[in-house]
Structure formats: C-alpha cells, structure tokens
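Here's the structure we're looking at; comments come further down.
The values are calculated or read from the model by the stated rules, or taken from the named source; none is laboratory data. Please read all numbers here as calculations on a predicted model, not as lab measurements. Counting neighbours? That spans all protein chains shown, and the Cβs are built from the backbone with ideal geometry, glycine included. These area figures cover heavy atoms from the full protein model, side chains too; ligands, DNA and RNA do not enter into them. Shrake-Rupley method; radii C 1.70, N 1.55, O 1.52, S 1.80 Å.
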Amino acid sequence: FRDSKFILDTNILMILDLEEHELSNSLESLETIFEQLNISTVYLHPTRDEYLRAMDWRRTETIKVFDNFQLNVLKSSDCPFIQTALRRGCSNGEDIKRMFEKLMDLPTLFNDSLPITNYNYTELSEAIEIGENNEELKTNINETYKNRTGRDKRERPITHDAGIISGAQFIRKTDKCWIITSDSTMKRFAIEHCIRDENEIAIGLDVVLGLR
C-alpha cells in the first residue's frame, strides 16, 4: 500500500466525524500508519454528491427519531448517529439540525492531520462519466447486489459505484490506488471482477484495519 491513494467511499466519509462509531478509536492509529506509508486519502466527485444526499436523508431520519422517542429509548439504539447526538447533548430535533450543520460538510481530515482531498482533473472526470454510462458495468454491479440481497439496487447508487470504479481503474494506469469501503456488495464485486495479475479495485475496512 506504500505511496498509494485510498479513495474513500461515501460510507467511510460518513463515519469519520462520529465519535460514537465503533471504529472511532481506530482512526488515530490508522492515520499514523497512512502517514508512515505515504498513503493519501481522497474522494471522487460523485461521492461528494452521494454524501450530501445520504447525509440529508440521515438528518431527516434522526430528527424524526428525536422528535418521536424518549431519550431513555434512544439510549438503547446502536445507531452511531443517535449515540453521537446523545453524547453531544442533543435532546430534540432542533439540536439534531445544529449537529448536522457541521456533518453536512465533507471531512477535510481523516482524523487529526492527514488531509482528505477532492481528487479531480479533466481526464479523470471523463473516465468517471464513461463508467457512469457503462450499462454492462452497472448491470454487473446490480447482479452482485441482487445475488446478495434478492432485490435490485437503486439506480443512483449503481451509477455512483460504476463511476468511482471506472475512476479508480483510470487512476491505476499511473498510480497505485484502492477504493476503501464498508459496502459488502462493492467488496464482492471487486473480488468477482478482479483483473488478472492485479489487486482488487476495492477493499474493506477489515483489510485496512489489518495494517495496524
């Protein structure tokens, strides 16, 4: 992994600022290892759009929960957003709105010192767009999802995944890179469609945590 780029998927970016997520205590040690290995952490532009949509949905759902349930009920939830909100002293929907004002901004640091940047240039954007319109790629992503869940994946997430996979494959022409994700479908797709003599295009947090 030395001197490589780690492309952070939406599901990774969403947990970095949640101190009550189960991985929160691992971020500092991971950041140290990334810096020692000269690993840069980036995201691609489709992930920014998906992040904002996902966080907006999460904000709406969390507000509903805080407006409709007593705090003693919420304390038993295993949702890291709810537990982080409780730790920050939130007690109602207005508190949640204020908490999400900051969470709606994409993280700029992996933990404390390693920058997270929007990696973007013209040729890469073109490669991402080609992936987003690649019907064969999107069909394959959906089939992997359907085999695991028994239902079709929604169009927007499929398009996002196709775009960042295509983008990562383009980056690999000149740099080492991996998509870092907690999405089991993305990890399975990467294994099933691994190009001969290359590493999987996407790996899970379990692999990353193994660097410690």
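Exactly one residue out of 105, 161, 152 is under 21 Å from the mean Cα position of the chain (by Cα) and either crowded, with 19+ Cβ neighbours inside 10 Å or outside any loop (DSSP other than H, G, I, E, B) (or both): that is 161.
Of all the criteria given as (1) surrounded by 13 or more Cβ atoms within 10 Å (Cβ to Cβ); (2) touching a residue at least 40 places away in the same chain (Cβ under 8 Å); (3) more than 26 Å from residue 190 (Cα to Cα), the one not satisfied by residue 90 is (2).
Each residue in region 47-62 was checked for being surrounded by fewer than 19 Cβ atoms within 10 Å (Cβ to Cβ) and either outside any helix (DSSP H, G or I) or not charged (D, E, K, R) (or both), and 4 of them qualify. I'd like to know if region 173-184 contains one or more residues that are without any contact (Cβ under 8 Å) to a residue 60 or more places away in the chain, of a type outside the set (Ser, Thr, Tyr) and over 24 Å from residue 31 (Cα atoms). Looking through region 173-184, at least one residue is without any contact (Cβ under 8 Å) to a residue 60 or more places away in the chain, of a type outside the set (Ser, Thr, Tyr) and over 24 Å from residue 31 (Cα atoms). Restricting attention to region 176-199, the residues being open to solvent by 10 Å² or more (accessible area, probe 1.4 Å) and part of a strand (DSSP E or B) number 1.
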